[in-house]
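Nothing in this text is a laboratory measurement; each read-out follows from the coordinates by a stated rule. Note that the structure is a prediction, hence the values are computed from the model and not measured.
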Amino acid sequence: MLLRNRLSLMFMAFASMTSSGGVLPIMLRKALAKNQLTPYVQPIYNAQSGTVMGGEVLMRWHHPRRGMISPEQFIPLAEQNGLITRITQYALQHVAKEIIANNSIHLHDMTLFFNVSAADFKNNEILRECRAFIQKTQRTDLHIGLEITEREPVHNTSMAQGICEQLEALGVTISIDDFGTGHSNYHYLMQFCPRYIKIDKLFTSGIDTDTTKEIIVRNIIAIARDMNCMTIAEGVETAAQKEKLTAMGVTHLQGYYFSRPVEMSTFFTLAAQPSQ
Ligand code: G
Ligand code: G
Ligand code: MN
């Protein structure tokens with residue numbers, strides 16, 4: 001074989017290893033063991049009062065040599081290979097640590113939302129982690145919310161039902177992420193009795209100009225109201241989107257217009273301010 005062909009084969013093998021996650025799972029395991037993942041928080045605002053009602057925890061991975069590795073890359077991979085439950089556990093444990101470190105900050109009632117995946121509903125680990133979080137932090141002003149994502153379906157098993165009932169007893173609220181996309185749909189409303197429905201940025205972007213999006217969002221808000229749910233519009237990037245969504249009756253807003261995901265200490269400082 002020509003050297004050129006051999007080199008190109010080697011390159012293709014390397015490319016497929018890195019892109020299909022060949023080396024990534026090993027790197028991710030190491031990163032978890034070495035505490036190289038950092039939970040960031042993106043604040044969520046009350047649309048009427050403009051105060052911070054809580055935030056969404058979003059994991060960031062700073063690799064010492066490769067720099068930032070996007071969650072878009074490592075989260076789907078972790079969902080495929082089962083590492084995702086480790087990431088959920090890691091997020092709850094590390095956020096609890098940050099809360100304890102920032103214990104002097106006084107906040108009004110807030111909810112911190114953690115993204116969870118289908119695998120988190122297959123055993124009782126999530127219950128143990130939520131209980132441990134509550135016991136460790138001892139803060140009655142900070143509540144846990146769990147955002148159920150659309151990527152993998154959460155099946156309505158008796159295990160999943162039992163977990164939801166026990167989460168509710170613990171005061172943990174459920175939020176349906178990216179409603180109207182992927183697996184996140186009407187059947188999730190029946191299955192989970194959510195407190196919040198999140199409006200995907202697919203609908204938020206262009207809400208002020210696109211009438212189809214406006215019709216869809218109006219319907220989501222109406223169903224949320226009838227089910228006594230609050231609505232969180234994500235991906236809000238402009239004042240026009242914020243105003244339109246608020247006028248339409250969305251209860252909460254999240255997006256770059258207000259703040260990007262920030263380190264937890266910054267989030268606490270932001271959240272402690274009276275209003276913006
Ligand atoms: O900011 P952003 O690039 O963080 O997030 C990209 C995607 O990764 C989003 O869909 C988000 O839900 C997901 N994500 C980020 N952090 C976590 C996490 O800790 N757990 C899970 N399951 N998903 C996460
Ligand atoms: O799937 P999930 O809703 O968990 O994803 C949240 C993702 O959206 C994260 O990657 C987060 O960084 C990103 N995000 C948050 N606010 C904005 C925004 O205003 N615009 C865009 N384009 N993305 C945003
Ligand atoms: Mn989310």
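A few remarks follow.
- For the residue pairs K30/K97; K30/K136; K34/K242; K30/K201; K97/K242; K30/K198, alpha carbon separations beyond 28 Å are given by K34/K242; K30/K201; K97/K242; K30/K198.
- From the alpha carbon centroid of the stretch 37-107 to that of the stretch 202-272 is 20 Å.
- In the stretch 108-238, the alpha-carbon atoms span a convex hull of 112 Å³ per residue.
- Stokes-Einstein D in µm²/s, Kirkwood radius over Cα pairs - the chain at 37 °C with 0.692 mPa s viscosity: 164
- Stokes-Einstein D for the stretch 62-174, Kirkwood Rh over Cα pairs, 10 °C, 1.306 mPa s (µm²/s): 105
- Counting DSSP beta bridges with both ends in the chain, the antiparallel % (nearest 5): 40
- Mean shadow area of the stretch 171-234 over all directions, Cα convex hull, nm²: 4.2
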